[in-house]
Amino acid sequence: MNWTRQYPGWAMFAAMIGLLLFLWGMAVPLAAAPAPIGPAAEQFADGARITVGLTLIAGTAGVLIGVLAGLGNCRVSGHCAGCATATSG
């Protein structure tokens, strides 16, 4: 069986590590590029790393806000099997 289907969490972790290694090594091939990009290769790589970092922060905040909103909705409506009913009607 394909290990990515058997262990999807490890596949996602491996993909994340691969992306981080790629981003940290991006300045090396960019330095060989022509004039507008070559001298600023380190700045391009820094920009890519900052963009990924901000994306991770925004994604984490979105998940937390979604979970909190879902729990708030559950407590108000009382239709959630996993939480105690706030009011007993």
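Readers should treat all values here as calculations from the given coordinates under stated rules, not as data from a laboratory. Note that this is a predicted model, so its numbers are computed, not measured. Methodologically, a virtual Cβ is constructed for each residue, glycine included, from the backbone with ideal geometry; neighbour enumeration extends over all protein chains shown.
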Legend entry - Within region 14-30: backbone nitrogen closer than 14 Å to the residue 55 label point (7 Å, Cα to C-beta): 15-24
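Arranged from highest to lowest average of other beta-carbon atoms within 10 Å per residue, in what order do the peptides 10-20, 39-49 appear?
Top to bottom by mean Cβ count within 10 Å: 39-49, 10-20.
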Inset, instruction - Quick one: which residues, 5+ away or cross-chain, put their amide H under 5 Å from the amide H of residue 33? H built at 1.01 Å from N. - result: 38
Legend entry - Answer label, with log10 I(q)/I(0) by the Debye sum over Cα atoms at q = 0.16, 0.17, 0.24 Å⁻¹ calculated from the coordinates and candidates [x] -0.64, -0.69, -1.07; [y] -0.70, -0.78, -1.25; [z] -0.84, -0.87, -1.07: [z]
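So what's the back-of-envelope 222 nm ellipticity for the chain, counting only DSSP H runs of four-plus at -39500 (n - 2.57) apiece and dividing by all residues, rounded to 500?
Working: 4 runs with 62 residues, N = 89.
Result for the chain: -23000 deg cm²/dmol, rounded to the nearest 500.
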